[in-house]
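The values are calculated or read from the model by the stated rules, or taken from the named source; none is laboratory data. Computed from a predicted structure; not experimentally measured. Heads up, the Cβs are rebuilt from the backbone with ideal geometry, glycines too, and the neighbour counts pull from every protein chain shown. Calculation scope for accessible area: heavy atoms of the full protein, side chains included, ligands and nucleic acids excluded. Shrake-Rupley method; radii C 1.70, N 1.55, O 1.52, S 1.80 Å.
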Amino acid sequence: MKLGPVTIRNRIVFTGHDSLLQNSDGTISEAYIAYQVARAKGGAGVQMLAAAGIDAYSATAVGQLRIDHDDVIPGLKRIAEAVRAHGGRLFAQLLQPGREVYGSEDGTLPLTFSASATPSERFRVHPREMSAAMIAKVIADYAAAADRALRAGMDGVEIVANQGNLPAQFLAAAINKRDDAFGGQLANRMRFLLEASRAVREVVGNRIAFGVRISASDMDIGVTEEESMAVCRALDSENLVDYLSIVLGTPATRGGSYHIVAPMNERPGYVGSYAQRIKQAVKAPVIATGRFNTPHAAEAALMAGEADAFGMTRALICDPDLGRKIAEGRPDDVRACIGCVQACIGHYQKHAPVSCIQFPETGRETTLARYERAAAPRKILVAGGGPAGMKAAAIAASRGHSVLLCEAAPQLGGQALLAQRLPTRAEFGGIVTNLQHEVYAAGVEVRLKTLVNRALVEKERPDAIIIATGGVTAMPDPDNFSDIPIVSVDEVLRGGAKIGKRVVVADRQSDWVGIGVAEKLAAEGHHVRLVCAGVQAGEFIPVYLRDSGAARLFEAGVEVTTYARLFGAEQGVVYFEHVVAHKPIVFENVDTLVVCFGERANRTLEDDLEGFDIETHIIGDSLAPRTAEEAVLDGLKVGRVV
Ligand code: SF4
């Protein structure tokens, strides 16, 4: 299809997103080139670079990609040429975030500017109102940045007017309180974006594509669907844009930010209906982005007329070869993103480079993603068919080893099989489907209902063994508990456990599990109190999951207590200790205590093999209990060297 003067080979769009793979000064790095090239080789239609700051105030956080001075041009040139060498097309995003800034080089609160001095609810940022002269300067900066993109050989540029950035701050009546030509009625509030778009169009002409990215709705306080529709019509009627790129949400509020990278509790492709309403009102092609995680989801939306192209960003983070697999007629080989938001946006929120829990090669294109065929094929025994064991087996077999994977259960998957039983987490089971597919595709021999012990190792005589037997459920010391039924999370999720009406969930982990178990029990009619050791329920999980979990706990009527360490229980009374005040927190009339204490490493096989002369690797939870992400990463690390 065509986006203005640019022909793209398919409708798959790798939209702009922060990867933190660029250099810390915001210039292009080798790691970032390798990341984008992997998607170009894999058949993406068009790729957008991360939003690049157009002036000195344009960095939402430290390390923002930059396009505000000519020194960045050589780096941009290199990455554009590298992507084009593989049939891809590369666009630059032009960013002015206004008040949506939450980091600074020296840790002080950033100085920000916006349409008006309206603070941002989520980041507590108090901006200064922009003067007329500053508005003119920023519009000129958009044009100058577009000129740099043109000189760097980019195929297109895009103004980042979506998700609460400066143009959206001018557009939203709740933020823009000006009484000059840029405030007041809607026609005035859209003036900033229209003038910036005219300035960019004047610079780039029809030599490269020009588009605008906009939220169809902020889904909270901010830009409404009506305002967004009006601005799309205005841009289109003046023929200012070659395409419109439609998303949802704003970082300014918790309810809006959650839609920026929606978790698995939103259905795949849920943004499509919003994009469709805009598509029906404009001539320009429309790109829709929002959980288009499989070729099937995008194809269905295309057939329904929801959009012309699809932002499949996490889909490509999870499977860089998505486009090539579809082109080769292998859509079922695609490793579908499961919307866990753990290693993509989750890493960004921890200031770490992008990756994927299912495909840790992402973000590590210049390091762990590179491995060779084994010089001398060997026999490898993998004990345990959870995520760690499956990844290790698949990688080792793909390198030419003869791999036997034994799993004690009747099914591959390990802990992921239980994790998918948490409310709204069913899609997590996709990690099992995907890794299992990779195991069989790599030619691994799989034996189910087969427990690995010393006798089996002696019989099979492998050259090396990889222990991936996972963890066992951790429980509190029984000495402090009497006359109260104690139930583990596993028992709750497997079903069949006898649970009374009034339940206390003691959540030492403050992760997905406590939230999910409390939600499940409340939905089943129990009165639930969730008592966390952390500062909030879900403290240690990605922000958007935590926020959506908080909303569901609220709706379910779960009472949440934080800063509480489980101490003991007797005769229907459960005692906690405030972790800072060291004072008791007491819950009376409790019928059942449910314990979320995580796991401890399963060392059974390791102990059984003590003294046995064999190359041994221990990975995943059997090394130390962590999450599926670290399990799969351990599997990759061992599989590529064994
Ligand atoms: S980490 Fe999760 S949400 Fe992110 S790309 Fe991978 S599977 Fe998708």
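Assorted remarks:
- Pairwise Cα distances in the range 373-487 exceed 26 Å for 31 percent of all pairs.
- Per residue, the range 149-308 exposes 32 Å² of solvent-accessible protein surface, assessed with a 1.4 angstrom probe and all protein chains in place.
- Counting every alpha-carbon pair across the range 416-561, the share separated by more than 21 Å comes to 55%.
- Over the range 2-349, equivalent-ellipsoid semi-axes from the Cα gyration tensor in Å: 28, 22, 20
- Mean residue ellipticity, 222 nm, helices only, the chain: the sum of -39500 (n - 2.57) across DSSP H runs of n ≥ 4, divided by residue count and rounded to 500, is -9000 deg cm²/dmol.
- Once the Cα gyration tensor of the range 188-264 is diagonalised, semi-axes √(5λ) in Å: 26, 14, 10
- The coefficient of translational diffusion for the range 198-337, derived via Stokes-Einstein from the alpha carbon Kirkwood radius under 4 °C and 1.567 mPa s, stands at 82 µm²/s.
- For the range 49-157, the fraction of 1.4 Å probe accessible surface lying on carbon and sulfur atoms is 54 percent.
- For the peptides 181-187, 65-71, the ranking by packing is 65-71, 181-187, with the highest mean count of neighbouring Cβ atoms within 10 Å listed first.
- Seen against the Cα atoms of the chain and their longest principal axis, helix 543-556 is set at about 70 degrees.
- Under the Debye formula (equal points on every Cα, no solvent term), log10 I(q)/I(0) of the range 270-397 at q = 0.16, 0.21 Å⁻¹: -0.93, -1.25
- The residues of the range 334-408 present an accessible area of 31 Å² per residue when probed at 1.4 Å with all protein chains retained.
- Sequence-distant residues sharing a close amide H with residue 585 (under 5 Å, placed H): 576, 577, 578
- Using a simple spin-label model with pseudo-atoms 7 Å out from Cα toward Cβ, residue 180 and residue 238 lie 1.8 nm apart.
- To the nearest ten degrees, helix 225-237 and the longest principal axis of the Cα atoms of the chain are 50 degrees apart.
- Each part gets one Cα centre, and for the range 1-46 versus the range 443-483 those centres are 42 Å apart.
- Calculated on the Cα set of the range 1-62, radius of gyration then Dmax: 13.4, 36 Å.
- Highest-first packing order for the peptide set 458-465, 501-508, 351-358 is 501-508, 351-358, 458-465, based on the mean count of other beta carbon atoms within 10 Å.
- Two numbers describe the Cα atoms of the range 25-135: Rg and Dmax, which are 16.4, 46 Å.
- The range 488-553, Cα convex hull volume normalised per residue, Å³: 77 Å³
- Cα convex hull, the range 478-597: 93 Å³ per residue, rounded to a whole number.
- Zero-based 5 Å bins, Cα pair distances in the range 163-211, whole percents: 5, 23, 25, 18, 13, 11, 5, 1
- As a fraction of the 1.4 Å probe accessible area of the range 526-616, surface on carbon and sulfur atoms comes out at 49 percent.
- In the full protein context, the range 530-610 carries 49 Å² of accessible surface per residue, based on a 1.4 Å probe and ignoring ligands, DNA and RNA.
- From most to least packed by mean Cβ count within 10 Å, the peptides 438-451, 115-128, 475-488 give 115-128, 438-451, 475-488.
- Separation of the alpha carbons by more than 28 angstrom is noted, of 391/498; 350/498; 2/137; 379/449; 325/379, for 391/498; 350/498; 2/137; 325/379.
- Accessible-area composition of the range 381-493, carbon plus sulfur, in percent [1.4 Å probe]: 50 percent
- Debye intensity ratio I(q)/I(0), log10, the chain, q values 0.07, 0.10, 0.11 Å⁻¹ (C-alpha model): -0.49, -0.95, -1.10
- Residues with amide H under 5 Å from that of residue 29, placed H, sequence gap 5 or more: 23
- Coil-residue GluC sites (Glu not before Pro) of the range 337-382, DSSP, other Cβ within 10 Å capped at 12: 372
- Compared with the dominant Cα axis of the chain, that is its longest principal axis, helix 512-523 is turned about 80°.
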